[in-house]
Each structure stands twice: as C-alpha cells, then as structure tokens.
Amino acid sequence: MKRIALYPGSFDPITNGHIDLIRRSSQLYDEVVIAISFNSSKKNLFSIEERIALAKDSLKDIPNVSIIRHTGGLTVDVAASIGANVILRGIRNTQDFEYESNIATLNKTQNSSIETVVLIAAEHYRFLSSSMIKEIALFGGDISLFVPPVVEKAIYDKYKNDVKRNLHTERQ
Ligand code: ADP
C-alpha cells in the first residue's frame, strides 16, 4: 500500500522552512501532497493561485510531491479523499506545539484513523515564518536566505510601491 501524507497549510508564501520539512517528509512517505488552503483567521498576501504557482515552482525538483487546492471541507476529509492516513505539520517552538496539539486532537475526534505526524523544524529555520518574512520585505530588508528566488521576487513585486520601504524617522 502506498504511504501518502497530506501537508496542509496556507503557505502565504512557501518558505525554506516549509521546503525543508517537505524534503524531509518526502523521504519518509511514498507521496507527499501539499494542500494549499484558505485560512479564515489570516489575511493572505498572495491569492491561492499565486501561492500554488510559487509552491509548484519551489518544489519542482522533488519528484514525489504534488499540490492540491483546498478551499472547502475538513482537513481529515481531504486526507481520506486522497488515501492519506497521515497529516503532516511542523513545530518550531512551544507556541506551535500548543496550537498543533489542539488541532491534532480535534482532527482525531473527526476521523480517528488519521494520525497527525509532526516534524521538528530544522534548527536554522526555527525562527522562520511567512509573516516575519513579509514584514522584513515590507520594510525593504533582505529575505534571500529565507525563501527561494522566485518567492523573493514575488514578494518584492507585491511591495514595490509601498511607502514603508522608504526610511522615515523624525526626531521628536
Ligand atoms: P497554517 O496557516 O496552517 O498555520 P502555515 O503555512 O503557516 O499554515 O504553516 C503550515 C505548517 O508548516 C504548520 O504546521 C507550521 O507550523 C509549519 N511551519 C511553518 N514554518 C515552518 C518552519 N520554518 N519550519 C518547519 N515548519 C514550519
């Protein structure tokens, strides 16, 4: 039987931290399916189409990874529909642990045959989040260490006309 894992998230946008986790999990499972979703509690910078295109481009060298769009339904139902009995998530710190253990427990109440497997973030990516990267880019900082070049360009294109990139301070 093929071992399929579902990795759901908003990926707004995909970062080197996500990619590291996907690369590692692609060694553990026959197929890793990334479900790019709409997260109602977050305001997205990129549309779902843009997030899918950026992830596709960033993951093109990993053969057993595919991407699906997830805009409705429970994560466990998406997993069951593609034959995945594992939901993959990543943990960077104790805050992630709290959050992920709550979701994992809730998911278990909805479908007890699907397990959540969490991978611990690589040490050098523990501080990385899509939102911190967007914040650095918004203020004109260097994000080249944190995202693939295609994502770096896409973020800068979004922010290129933003006034926050110009240094502005006033002595008070
Ligand atoms: P969501 O909106 O579902 O939290 P994210 O795209 O922010 O989606 O994250 C998806 C998953 O990837 C989460 O489990 C998150 O903890 C994990 N993750 C995010 N950044 C990293 C990272 N730098 N290293 C490892 N895992 C990460």
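The values are calculated or read from the model by the stated rules, or taken from the named source; none is laboratory data. Computed from a predicted model, the values in this text were never measured in an experiment. Cβ coordinates were reconstructed from backbone atoms using ideal geometry, including for glycine residues, and neighbour counts include every protein chain displayed. Areas reflect the complete protein model, heavy atoms only, side chains present, ligands, DNA and RNA absent. Shrake-Rupley method; radii C 1.70, N 1.55, O 1.52, S 1.80 Å.
Within segment 68-95, can you find the residues that are surrounded by fewer than 19 Cβ atoms within 10 Å (Cβ to Cβ) and either in contact with a His (Cβ under 7 Å, 6 or more places away or on another chain) or without any contact (Cβ under 8 Å) to a residue 24 or more places away in the chain (or both)?
G72, G73, S81, T94, Q95
Are any of the residues in segment 5-26 away from the ligand (no atom under 15 Å from the Cβ) and either open to solvent by 10 Å² or more (accessible area, probe 1.4 Å) or within 12 Å of the chain's Cα centre (by Cα) (or both)? Spell out how you get there, then give the answer.
Step one: list which residues in segment 5-26 are away from the ligand (no atom under 15 Å from the Cβ), which gives none.
For segment 5-26, residues away from the ligand (no atom under 15 Å from the Cβ) and either open to solvent by 10 Å² or more (accessible area, probe 1.4 Å) or within 12 Å of the chain's Cα centre (by Cα) (or both): absent.
Which of the residues belonging to segment 102-139 are over 17 Å from the mean Cα position of the chain (by Cα) and hydroxyl-bearing (S, T, Y)?
T105, T109, S112, S113 - these are the residues of segment 102-139 that are over 17 Å from the mean Cα position of the chain (by Cα) and hydroxyl-bearing (S, T, Y).
If I ask for residues that are of a type in the set (S, T, Y) and closer than 18 Å to P63 by Cα, which ones from segment 1-21 would you list?
First pass over segment 1-21, keeping only residues of a type in the set (S, T, Y): 7, 10, 15.
If the condition is that a residue be of a type in the set (S, T, Y) and closer than 18 Å to P63 by Cα, then Y7 is the only one that fits.
Would you mind stating whether V65 is modelled with pLDDT of 95 or more, crowded, with 16+ Cβ neighbours inside 10 Å and away from the ligand (no atom under 14 Å from the Cβ)? Break it down into steps so the answer makes sense when it comes.
Working: modelled with pLDDT of 95 or more: yes; crowded, with 16+ Cβ neighbours inside 10 Å: yes; away from the ligand (no atom under 14 Å from the Cβ): yes.
Criteria met by V65.
Can you pull out every residue in segment 143-156 that is in a loop (DSSP other than H, G, I, E, B) and either open to solvent by less than 50 Å² (accessible area, probe 1.4 Å) or closer than 17 Å to S131 by Cβ (or both)?
Listed by number, the residues that qualify are I143, L145, F146, V147, P148.
Please indicate, with yes or no, whether at least one residue in segment 21-31 is in contact with a helix residue (DSSP H, G or I) (Cβ under 7 Å, 6 or more places away or on another chain) and either part of a loop (DSSP other than H, G, I, E, B) or farther than 21 Å from A122 by Cβ (or both). Break it down into steps so the answer makes sense when it comes.
Within segment 21-31, the first condition is being in contact with a helix residue (DSSP H, G or I) (Cβ under 7 Å, 6 or more places away or on another chain), and the residues that meet it are none.
Within segment 21-31, none of the residues are in contact with a helix residue (DSSP H, G or I) (Cβ under 7 Å, 6 or more places away or on another chain) and either part of a loop (DSSP other than H, G, I, E, B) or farther than 21 Å from A122 by Cβ (or both).
Being away from the ligand (no atom under 16 Å from the Cβ), exposed (fewer than 15 other Cβ atoms within 10 Å of the Cβ) and modelled with pLDDT under 95 is the filter here; which residues of segment 102-141 pass it?
Within segment 102-141, F139, G140, G141 qualify.
So for segment 44-52 (the condition being surrounded by 17 or more Cβ atoms within 10 Å (Cβ to Cβ), within 17 Å of A84 (Cβ to Cβ) and within 14 Å of the ligand (Cβ to nearest atom)), does at least one residue qualify? Write out each step before concluding.
To start, the set of residues in segment 44-52 that are surrounded by 17 or more Cβ atoms within 10 Å (Cβ to Cβ) comprises 45-46, 48, 51-52.
Still in the list and also within 17 Å of A84 (Cβ to Cβ): none.
No, because not a single residue in segment 44-52 is surrounded by 17 or more Cβ atoms within 10 Å (Cβ to Cβ), within 17 Å of A84 (Cβ to Cβ) and within 14 Å of the ligand (Cβ to nearest atom).
State all residues of segment 101-130 that are assigned to a loop (DSSP other than H, G, I, E, B) and either touching a helix residue (DSSP H, G or I) at 6+ places or on another chain (Cβ under 6 Å) or of a type in the set (A, V, I, L, M) (or both); if no residue qualifies, say none.
Taking segment 101-130 as the starting set, the residues that turn out to be assigned to a loop (DSSP other than H, G, I, E, B) are 111-114, 121-122, 126-129.
If the condition is that a residue be assigned to a loop (DSSP other than H, G, I, E, B) and either touching a helix residue (DSSP H, G or I) at 6+ places or on another chain (Cβ under 6 Å) or of a type in the set (A, V, I, L, M) (or both), then N111, I114, A121, A122, L128 are the ones that fit.
Are any residues in segment 100-118 touching a Lys or Arg at 6+ places or on another chain (Cβ under 6 Å) and hydrophobic (A, V, I, L, M, F, W, C), and if so, which ones?
V118
For segment 71-95, what are the residues that are over 13 Å from the mean Cα position of the chain (by Cα), of a type outside the set (V, I, T) and either within 13 Å of the ligand (Cβ to nearest atom) or within 30 Å of K153 (Cα to Cα) (or both)?
G72, N93, Q95
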